[in-house]
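One structure is given here, and the rest of the page talks about it.
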Amino acid sequence: MSGRVAVVGIGPGDPRYLTPEAAEALVGAEALYGYGPYLDRVPTRTGQSRHPSDNREEGARAVAALRHAAQGARVAVVSGGDPGVFAMAAAICEQIETGPESFRALDVVFIPGITAMLAVAAKIGAPLGHDFCAISLSDNLKPWDLVERRLDAAAGAGFVIALYNPVSRARPWQFGNTIERLRRLLPKETPVVFGRAVGRSDETINVVTLAGAEATFADMATLVIVGTRETRLIVRPGQTPLVYTPRAVAEVSA
Ligand code: SAH
């Protein structure tokens, strides 16, 4: 008998951001695997086992979930945001590729969720209105000099840059280094959006200029969007400003 694995994105935090497809997959699962705080956001259901694990144990979590499914169970692996964005979908694929033949026989589905970058952008206007990219500042799985080269290339080519994983306890200096680097390549008035805990009760959204950005403005729950030369701020009386990147650009500006 072969089981099923659903790799489920639960969005950034607001239950209204959970898609009906994701909700259905969570209810239908016999076993839930995921980072503890993400599992805590899923309503409990009798007859369903829960297997929380630590943030940095994605590989081991993927193997445990696949083994459980290979015994015939219906398993859901939960990710915050979208499972395909710096999350469990790739970890599951890695283990299917390198693991036993029984993993390849499994029915595996990937259920998308609203990723942090899109949730933050929607709170402030349209910062991703023109070409953009996403870079994780975590150097756990890649060398830091590769991150630096990608930052330089992205800023130099005029991409809006969404920065995931700006800071963690184990990575205290990387985001400060990033701000300094981008200041060399972009005008000091470039808008920078800090979206923290979006969709949760302690959500904050702040807009500053690149010159005014400080490393202390971000923590583990923050997604940072760095604009381009074209990204604009619309100040409105009595309302929060809008940040947007116009759809058209005349030439590559770097
Ligand atoms: N799969 C997730 C990303 C995991 S990486 C997604 O698609 O959103 C973890 C990083 O995502 C955090 O360091 C932070 O940069 C960002 N993030 C996750 N949830 C967030 C939220 N609610 N608000 C702001 N940023 C968030």
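Only the coordinates and a few stated rules stand behind these numbers; no lab work does. Keep in mind that what you see is a predicted model, and the values were worked out from it rather than measured. Ideal geometry is used to build each Cβ from the backbone, glycine not excepted, and the neighbour counts take in all protein chains shown.
Shape class for segment 8-153: oblate, because the ratio a/c of the largest to smallest gyration tensor axis (alpha-carbon atoms, square roots of eigenvalues) is 1.5 or more and b/c is at least a/b.
For segment 155-220, a crude dipole built from +1 on the beta carbon of Lys and Arg and -1 on the beta carbon of Asp and Glu, taken about the Cα centre, is about 220 debye to the nearest 20.
Set the Förster radius R0 to 41 Å, insert the Cβ-Cβ distance between ARG236 and HIS51 as r into 1/(1 + (r/R0)^6), and round the FRET efficiency to 0.05. Efficiency, rounded to the nearest 0.05: 0.30. Counting charges near LYS123 (Lys, Arg +1; Asp, Glu -1) among other residues having Cβ under 12 Å from its Cβ returns a value of -1. Panel values: segment 99-254, Kirkwood radius from alpha carbon pairs, Stokes-Einstein at 25 °C and 0.890 mPa s, translational diffusion coefficient 148 µm²/s. Among 7-13, 169-175, the peptide with the highest mean count of other Cβ atoms within 10 Å heads the list, and the full ranking is 7-13, 169-175.
In the chain, the DSSP-assigned H stretches of four residues or longer account for a calculated mean residue ellipticity at 222 nm of -8500 deg cm²/dmol, using -39500 (n - 2.57) per stretch and the full residue count as denominator. Extension gain, LYS188 to ALA211: 0.36 nm times the residue separation minus the Cα-Cα distance gives 7.8 nm. Of the residues THR216, VAL243, VAL226, the one whose Cα sits farthest toward the positive end of the charge dipole of segment 197-254, with +1 on the Cβ of Lys and Arg and -1 on the Cβ of Asp and Glu, is VAL243. If the chain linking MET220 and ASP145 were pulled fully straight, counting 0.36 nm for each residue of separation and taking away their Cα-Cα distance, it would gain 24.9 nm. When segment 1-128 is described by a simple charge dipole with +1 on each Lys and Arg Cβ and -1 on each Asp and Glu Cβ, the residue from ALA105, ALA126, GLY36 located farthest towards its positive end is GLY36.
Dipole magnitude for the chain: about 360 debye, using +1 per Lys or Arg Cβ and -1 per Asp or Glu Cβ, origin at the Cα centre. As a test, work out the antiparallel percent of DSSP beta bridges whose residues both lie in segment 103-215, rounded to the nearest 5. That works out to approximately 60 percent antiparallel.
On the basis of the beta-carbon distance and an R0 of 35 Å, ARG171 and GLU251 show a calculated FRET efficiency of 0.45.
Packing around the peptides 52-62, 193-203, taken as the average count of other Cβ atoms within 10 Å per residue, puts them in this order, highest first: 193-203, 52-62.
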